[in-house]
Amino acid sequence: MHRCCITLNVPLMSKARPRSFSGQKVPYMPAKYKKWKAEVRSQLAEWWTAPPLDEVQLVALKFMGPARGDLDNLQGAILDCGNNLIWKDDRVSIISKLYGEFKKTKEVDSQVQIKIWYQL
């Protein structure tokens, strides 16, 4: 079994929900969330250079920052960023176990630690 540890130095952000308005064909995503997601994917791409994984035994996420949002929404944002980069998708058929933890810190010390257990 292989293990990879990644530390992202980013502010914590919950997964944004797409918004649709009358007559709009493409759902709206907040610009702040899109910018954050691009930054996270950029940092992940520096850490992960292999092809996306077909199967992941465990993803453990530790969030450190101000106490805002729900743990499941924080996890969802990070899992979405890893899609087609670290893992093919964040479905349960690919990531079978997920662990989340939160530690309150000052905003300036915000980060996300990701540990991934997988087999090739």
Could you please tell me which pairs satisfy a Cβ distance under 9 Å, a separation of 6+ or placement on different chains, a first residue in segment 105-120 that is without any contact (Cβ under 8 Å) to a residue 60 or more places away in the chain, and a second residue that is part of a strand (DSSP E or B) and surrounded by 15 or more Cβ atoms within 10 Å (Cβ to Cβ)? T105/M64; T105/G65; T105/Q111; K106/G65; D109/M64; D109/G65
Test: S110 is more than 21 Å from S14 (Cβ to Cβ), surrounded by fewer than 19 Cβ atoms within 10 Å (Cβ to Cβ), touching a strand residue (DSSP E or B) at 6+ places or on another chain (Cβ under 7 Å) and among the small types (G, A, S): no
Scan segment 33-54 and tell me whether some residue there is touching a residue at least 40 places away in the same chain (Cβ under 8 Å), in contact with a helix residue (DSSP H, G or I) (Cβ under 6 Å, 6 or more places away or on another chain), surrounded by 12 or more Cβ atoms within 10 Å (Cβ to Cβ) and not in a helix (DSSP H, G or I). no
Checked K62, K97, K103 against criteria (surrounded by 13 or more Cβ atoms within 10 Å (Cβ to Cβ) and under 22 Å from C4 (Cα atoms)); the one match is K62
In segment 2-31, how many are modelled with pLDDT of 95 or more and out of contact with any helix residue (DSSP H, G or I) (no Cβ under 8 Å at 6 or more places or on another chain)? 4
Does segment 67-100 hold any residues that are over 19 Å from R17 (Cβ atoms) and modelled with pLDDT under 95, and which are they? A67
For segment 58-76: of the residues being more than 17 Å from I94 (Cα to Cα) and assigned to a helix (DSSP H, G or I), which is nearest to the chain's Cα centre (by Cα)? L74
Among the residues of segment 12-25, is any more than 12 Å from the chain's Cα centre (by Cα), touching a residue at least 24 places away in the same chain (Cβ under 8 Å), closer than 30 Å to L120 by Cα and outside any helix (DSSP H, G or I)? no
In segment 91-104, is there at least one residue being assigned to a helix (DSSP H, G or I) and polar (S, T, N, Q)? no
Does L120 count as in contact with a His (Cβ under 9 Å, 6 or more places away or on another chain), loosely packed, with under 15 Cβ neighbours inside 10 Å and not acidic (D, E)? yes
On the given criteria, is T49 among the hydroxyl-bearing types (S, T, Y) and under 21 Å from K103 (Cα atoms)? no
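The values are calculated or read from the model by the stated rules, or taken from the named source; none is laboratory data. If you're wondering where the values come from, they're calculated on a predicted model, not measured in any experiment. Here Cβ is always computed from backbone atoms with ideal geometry, including for glycine, and neighbour counts include all displayed protein chains.
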